[in-house]
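Student: The structure under discussion is supplied below as structure tokens; questions concerning it will follow.
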Amino acid sequence: MDKFRGVKSFRVFYENPTPEQQLKLADYGLVIMEANFLTKEMVKTIKSKGALVVGYLSTMQANEAVPYLNQLRTSDYFHVKGVPYRFPQWKSYQMDISQAHYRSILLSEYKRLIMGLGLDGVFFDTVADIAEKDHFTANDKAKQHAGLLQLIADIRATNTEGLIIQNRGFHTLRYHSCLHVDGIMWEDFHDAAGQWTLDRMQEIKNIQALKGLTVLSDVKTQSDFDFSKNASYVPWLNPLGEAGYKIC
């Protein structure tokens, strides 16, 4: 079964959508949104033409503004030299997904937002932190990957039909999550002729030979749009990058 229903277009929008914006979003095949802004009526409008609506959930970072901040325990944070690791530029903390309590909070958020609003799935952001952040040792990374897979298993046990899409995290996808997620968003797909990009595309192709995996590509140029579309990805032409996530 194709959970993506043959989606041909997508976009990301992280703001509170006005009625006019809701109608614009309904024209896409799939929309990734900040679920905390949404109501059931908004979701109904956006899905009125068949769009899939997927809710944002950060897995490896918790922003200081998250609604569950006061539920977090000290042990839910990842510590470096005894102190919770903080990203000052994003006002967020590195989380420890190997902790069962932290995973239970994320699962509760999934039930509240994704299932409670009738969304079609979840978008896992910050997954790439596990493999890419230098403050994780090899042992830390193994624990974090195991925790991520346990969260996915818990979500699957709760909702077998919901989409799970991860943002980038190519190493994690290749060696850990590829058999467990439905898709990946390639944020900032660029340099289509570069060897690094071609290597990642080949890795994705190898995964697709084993199972279905939909690739959503967030691109800034028409040439990268065309290149990723020729690779059978679902591209979104977004010249503004992250700033484009706030404009509709």
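Student: Give a residue-ordered list of calculated ³J(HN,Hα) values for segment 80-93 (Karplus: 6.51 cos²θ - 1.76 cosθ + 1.60, θ = phi - 60°; whole Hz; x for Gly, Pro).
Tutor: 10, 6, x, 10, x, 6, 10, 9, x, 5, 10, 6, 9, 10
Student: Enumerate the whole-percent occupancy of each 5 Å bin, from 0 to the last occupied one, for all C-alpha pair distances of segment 1-114.
Tutor: 2, 11, 19, 18, 14, 13, 11, 8, 3, 1, 0
Student: Please list, in order along segment 208-218, the HN-Hα scalar couplings obtained from phi with the Karplus expression 6.51 cos²θ - 1.76 cosθ + 1.60 (θ = phi - 60°), rounded to whole Hz, x for Gly and Pro.
Tutor: The phi angles translate into 5, 6, 9, 7, x, 8, 8, 10, 9, 10, 9 Hz.
Student: Considering amide H positions built from the backbone, and no H for Pro or chain starts, which residues 5 or more places from residue 7, or on another chain, come under 5 Å of its amide H?
Tutor: Amide H to amide H, under 5 Å and 5 or more residues apart or across chains, residue 7 pairs with nothing.
Student: Rank the residues 123, 37, 170 as a footprinting-exposure proxy: fewest other Cβ atoms within 10 Å of their Cβ go first.
Tutor: 37, 170, 123
Student: Over the chain, what is the relative contact order in whole percent, taking alpha-carbon pairs under 8 Å and six or more residues apart?
Tutor: 18 percent
Student: Turning to a different aspect of this structure: Excluding residue 244 itself, what net charge comes from residues whose Cβ is under 15 Å from its Cβ, given Lys and Arg +1 and Asp and Glu -1?
Tutor: -3
Student: Could you give me the ³J(HN,Hα) list for segment 226-232, computed from phi with Karplus coefficients 6.51, -1.76, 1.60 and θ = phi - 60°, whole Hz, x at Gly and Pro?
Tutor: 5, 5, 5, 5, 5, 8, 6
Student: Excluding residue 63 itself, what net charge comes from residues whose Cβ is under 13 Å from its Cβ, given Lys and Arg +1 and Asp and Glu -1?
Tutor: So the environment of residue 63 carries a net charge of -2.
Student: Taking one equal scatterer on every alpha-carbon of segment 61-134, how large is log10 of I(q)/I(0) by Debye at q = 0.23 1/Å?
Tutor: -1.19
Student: Still on this structure: What are the residues whose amide H is under 5 Å from the amide H of residue 77, where those residues sit 5 or more places off or on another chain and H is modelled from the backbone?
Tutor: 96
Student: Another question, then. Give, to the nearest whole percent, the P(r) tail of the chain beyond 26 angstrom, counting all Cα pairs.
Tutor: Value for the chain (Cα pairs over 26 Å): 38 percent.
Student: Rounded to the nearest 20 debye, what is the charge dipole size of segment 1-141 about its Cα centre when +1 sits on each Lys and Arg Cβ and -1 on each Asp and Glu Cβ?
Tutor: Computed about the Cα centre, the dipole is about 340 debye.
Here, each number is a calculation from the coordinates, and none is a lab measurement. Please read all numbers here as calculations on a predicted model, not as lab measurements. Glycine gets a Cβ as well: all are built from the backbone with ideal geometry, and neighbour counts include every protein chain shown.
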